[in-house]
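Reviewing the structure listed below.
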Amino acid sequence: DQRAVVNLTTGMAETTAEIVRHIEVDREAFVKVFAAHLRVFFDLSQKGLRLLEVVMDEVAREKNKDLIYLSASSALDYHRRAGKPFSQATFYRAKDELTEKGFIAPGPHKHQWWINPALFWNGDRVQFITELRRPPEILPPQRAAE
């Protein structure tokens, strides 16, 4: 069924209700990781985790984007700046692992990759709404007639 909420300030009808909780955090860039899917992070190999670090860095650069730039040279540069060895062969094996496990998917152009916003996200695009409903009360025959 269709529902709408009217914004009392603008008078505009919105299709979803929002329950907002504001939390102050430090000014450093961060990426939200959704706890419900945390176990998939523990299934990654060391090389997968090292490339995921690069992916998270790219995601943290700009809010509300689900398409990132990811190439062997960008991953090598990232790890070179961090003082960690990382090879081109490791990049390709790790990229295959992240793709296979649903962290990233090929984008529309070379070196563009979609991230999986169900696992991690930087921004406010995804709204999570929990609707609590009481199950219907089923009355015994004698109470239903009352």
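The values are calculated or read from the model by the stated rules, or taken from the named source; none is laboratory data. Since the model is a prediction, treat every value here as computed from it, not as a measurement. Here the Cβ positions follow ideal geometry from the backbone for every residue, glycine too, while neighbour counts run over all protein chains shown. Quick note on the areas: whole protein, heavy atoms, side chains included, nothing else; ligands and nucleic acids left out. Shrake-Rupley method; radii C 1.70, N 1.55, O 1.52, S 1.80 Å.
Being outside any loop (DSSP other than H, G, I, E, B), open to solvent by 40 Å² or more (accessible area, probe 1.4 Å) and farther than 13 Å from residue 111 by Cβ is the filter here, so list the residues in the stretch 59-69 that pass it.
The answer is 61, and nothing else.
To keep it simple, each residue is scored yes or no on (1) of a type outside the set (A, V, I, L, M, F, W, C); (2) open to solvent by 30 Å² or more (accessible area, probe 1.4 Å); (3) within 17 Å of residue 113 (Cα to Cα).
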position: 41; (1), (2), (3): no, no, no
position: 47; (1), (2), (3): yes, yes, no
position: 53; (1), (2), (3): yes, yes, yes
position: 71; (1), (2), (3): yes, no, yes
position: 83; (1), (2), (3): yes, yes, no
position: 89; (1), (2), (3): no, yes, no
| message | With at pLDDT below 90 and in contact with a Phe, Trp or Tyr (Cβ under 8 Å, 6 or more places away or on another chain) as the only criterion, which of 72, 105, 60 stands out? | response | 60
